[in-house]
Amino acid sequence: MKGSDLKHRLHGGQAVYGTWSVSTDPLVAATVARAGFDWMSVDMEHSPRNVESLRYILWMLRDSPTVALVRVKDNRPDELKQALDQGADGVVIPLIASVEDARRAVAGCKYPPDGIRGYGPFMPAFGGDDRAYQKTANDETVVFIQIEDARAVEAIEDIAAIEGIDGFIIGPNDLTLSMDIFGDWESERFISAIQRIVRAGEAHGIAVGFPVDVLGGPAAGLAWVRQYTPAMRLLTIGGDLGFVSAGAEAALQQIKG
């Protein structure tokens, strides 16, 4: 599994760079992934996808060096199982507000005795030995959980102590919404919350990051990270449809100019 290399890099203290896929077209997602991103999160939470389109996208990403993660719709064992059984190297799990939520998320990604994932890895083991996949899946599957609720921040030290979490992906928009300071990136409360998350992650070997372009664009977001949280190692930027749109606009401006 490609996920094992990403996990080794993260646990070794390296930075990794990701992006998002919201397109239902597998070719668009695969083309962007091959630009050189370390990982891509295929979004099922806010995108108009079904399981069949997810399977095609993951199949296209299979031969790419980019690690294919899936942001599931909900923190439920059936959603996690479905994503992993379609061939994802790992998952990004939303709707975490407590230690119990985080434990349920990790358990849904692991086969017994470490968790409750049901057995049926047809796509990830396609053309190979599904039992061989099962033997290493618990160690190699990447598990990122989203921190986007003020309640999760208040419990972050205990959440970080849970075995099996590889990364915290902060959702700045939802987090500031839950704090009633939507979009106020310079708020002392927001800065303090992010720094607390990073400290908890570092204490337990968990990488932390967020989409830097959300904070007023890539340059402003990177400047924010360098100023307040230089230890962040899971930075993401943009998404496949955004890159297509930006490329089209740039090409049109060139020919008009």
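We did not get these values from a lab; they are worked out from the coordinates using the rules stated. What you see is a predicted model; the values in this text were computed from it and never measured. Neighbour counts run over all protein chains shown; Cβ positions are idealised from the backbone, glycine included.
Worth a mention:
- Annotation note: of LEU80, LEU58, LEU84, the sole residue that is of a type outside the set (Val, Ile, Thr), more than 19 Å from THR236 (Cβ to Cβ) and touching a residue at least 40 places away in the same chain (Cβ under 8 Å) is LEU84.
- Hey, ILE159 in a strand (DSSP E or B) and either surrounded by 19 or more Cβ atoms within 10 Å (Cβ to Cβ) or of a type in the set (Lys, Arg) (or both) or not: no
- Members of region 229-255 found to be surrounded by fewer than 20 Cβ atoms within 10 Å (Cβ to Cβ), among the polar types (S, T, N, Q) and outside any loop (DSSP other than H, G, I, E, B), listed by number: SER245, GLN253, GLN254
- Unmet requirement for PHE126, which otherwise passes all of (1) part of a loop (DSSP other than H, G, I, E, B); (2) closer than 19 Å to VAL72 by Cα; (3) more than 18 Å from the chain's Cα centre (by Cα): (2)
- Number of the exception - CYS109 against (1) over 17 Å from the mean Cα position of the chain (by Cα); (2) crowded, with 19+ Cβ neighbours inside 10 Å: (1)
- Residue match in region 184-193 (condition: in a helix (DSSP H, G or I), more than 18 Å from the chain's Cα centre (by Cα) and under 24 Å from SER23 (Cβ atoms)): no
- Within region 129-156, the set of residues being hydrophobic (A, V, I, L, M, F, W, C) and part of a loop (DSSP other than H, G, I, E, B) comprises ALA155 only.
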